[in-house]
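Chemist: This is the structure, below, for whatever I ask next.
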Amino acid sequence: MAATGLATVIADRIELGDDPIEPSWILSGDPKARSAMWTRSLDATTSSHVWDCTAGRFRWYFPVDETVHVIDGSVTVAVDGQEPVTLGVGDAALFHAGTWAVWEVPEYVRKHAVLRTHVPKPIAFALRAYTKLSGKLRREETGGGLG
């Protein structure tokens, strides 16, 4: 994990470790999940992961906001009150914190996921102000520009 600068990963080559699904959440099949975190933000509110899973049907709880991008295989996801959605290679979705969903993996799915923890409003305000101020100071030090 890089503390500053650029962090990269080849998502289909990252070594994944076992990440079992809570047994009481499994509705059918014998899904086997694996994952690896490959980076975390300096403020520890955001992390990036690669996750995969074999065939099965299971419930899943999202304790934090999670943006997923399917990089192999497919999954059909059902969230209460919404029509099921099938996500395939190249598709992305955002699951808000507190969401329960049913995942049905027909054969295999591999995703890149970005997890973001919410921070209390006063801290979020202070963080935005700090980011804006520090960006302005950096631009003044370097003579402006975005790059």
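Chemist: Kirkwood Rh over Cα pairs of the stretch 17-116 into Stokes-Einstein at 4 °C, 1.567 mPa s: D in µm²/s?
Modeler: Answer from the Stokes-Einstein relation: 95 µm²/s.
Chemist: Rounding to the nearest 10 and keeping the result within 0 to 90°, find how far the Cα-based axis of helix 121-142 lies from the longest principal axis of the chain.
Modeler: Computed tilt is about 50 degrees.
Chemist: Taking the beta-carbon count within 10 Å as an exposure proxy, list ILE10, ILE123 from fewest neighbours to most.
Modeler: In order of increasing Cβ crowding within 10 Å: ILE10, ILE123.
Chemist: In nm, to one decimal, how far is the modelled label at LYS132 from the one at VAL9, with both set 7 Å along Cα→Cβ?
Modeler: Label-label distance for LYS132 and VAL9, simple model: 3.2 nm.
Chemist: Let me ask something else. Mind checking which of LEU115, LEU127, LEU42 has the largest fluctuation in a GNM of the chain, springs on alpha carbons under 10 Å?
Modeler: LEU127
Chemist: For the chain, with a Gaussian network of springs between Cα atoms less than 10 Å apart, report the residue from SER35, SER48, SER24 with the top mean-square fluctuation.
Modeler: For the chain, modelled as a Gaussian network with Cα springs under 10 Å, the answer is SER24.
Chemist: Looking only at TRP51, TRP25, TRP60, which one moves most when the chain is put into a Gaussian network model with springs between Cα atoms under 10 Å?
Modeler: Answer for the Gaussian network model of the chain: TRP25.
Chemist: Follow-up question, since we're still on this one. Okay, helix-only estimate at 222 nm for the chain: each DSSP H run of n ≥ 4 adds -39500 (n - 2.57), divide by all residues, round to 500 deg cm²/dmol; what do you get?
Modeler: -5000 deg cm²/dmol
Chemist: On to the next question. Can you compute the radius of gyration and Dmax for the stretch 56-102, using only the Cα atoms, both in Å?
Modeler: 10.4, 27
Chemist: Based on the alpha carbons, how large is the Rg to Rh ratio for the stretch 81-135 when Rh follows Kirkwood?
Modeler: 1.13
Chemist: For the stretch 53-71 and the stretch 77-134, what is the separation of their Cα centres, given in Å?
Modeler: Rounded to whole Å, the Cα centres lie 9 Å apart.
All of the numbers you see were taken from the coordinates with simple rules; none came from a lab. The shown structure was predicted, so the numbers you read here are calculated from the model rather than taken from an experiment. Note that each Cβ is placed from the backbone with ideal geometry, even for glycine, and that neighbours are counted across all protein chains shown.
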